[in-house]
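Report on the following structure.
The values are calculated or read from the model by the stated rules, or taken from the named source; none is laboratory data. Predicted model, so just to flag it, every value in this text is computed and none were measured. No Cβ is skipped: glycine too gets one built from the backbone with ideal geometry, and neighbour counts run over all protein chains shown. Each accessible area value is taken on the protein alone, full model and side chains, heavy atoms only, with ligands, DNA and RNA left out. Shrake-Rupley method; radii C 1.70, N 1.55, O 1.52, S 1.80 Å.
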Amino acid sequence: MGSKPEPILRRWDEEVVRTKVSKNARKKCDPAIREFIECAKGRTVSIAWKCREQRDVMNECMKLYTTPQHFREMRREHAKDVPHSVKGYESAE
């Protein structure tokens with residue numbers, strides 16, 4: 001009941017948030033991503049069945065860090081750090 005409404009960001013800032021969330025997910029999932037890359041080296045079509053387990057682990061990890069909740073948190077953080085990014089923002093100057 002006491003939660004703040006989610007800020008509505010300008011298009012450019014929304015893209016900045018997406019990039020930050022994605023970058024954070026890749027950082028957190030780096031070991032799983034590296035395992036998938038290592039499995040995929042030198043393969044083409046066989047990636048589909050030879051690296052399925054590594055792909056699934058990597059995708060599950062990425063899903064953990066790209067949830068709607070993560071996007072909401074990052075939007076709030078971005079709006080706090082860059083207040084003029086919020087639609088309807090008016091400077092007090």
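Could you grab me the full set of residues in the range 2-22 that are in a helix (DSSP H, G or I) and surrounded by 11 or more Cβ atoms within 10 Å (Cβ to Cβ)? Steps first, please.
Step one: list which residues in the range 2-22 are in a helix (DSSP H, G or I), which gives 11-22.
Answer for the range 2-22, where residues must be in a helix (DSSP H, G or I) and surrounded by 11 or more Cβ atoms within 10 Å (Cβ to Cβ): Asp13, Glu14, Glu15, Val16, Val17, Arg18, Thr19, Lys20, Val21, Ser22.
Select from the range 36-79 the residues that are of a type in the set (Lys, Arg), assigned to a helix (DSSP H, G or I) and modelled with pLDDT under 95 and list them in ascending order.
Correct list: Arg72, Arg75, Arg76.
Within the range 41-88, how many residues turn out to be more than 30 Å from Glu6 (Cα to Cα), open to solvent by 100 Å² or more (accessible area, probe 1.4 Å) and not hydroxyl-bearing (Ser, Thr, Tyr)?
6
May I ask you to verify whether Lys27 is loosely packed, with under 14 Cβ neighbours inside 10 Å and over 30 Å from Ser85 (Cβ atoms)?
No, not satisfied.
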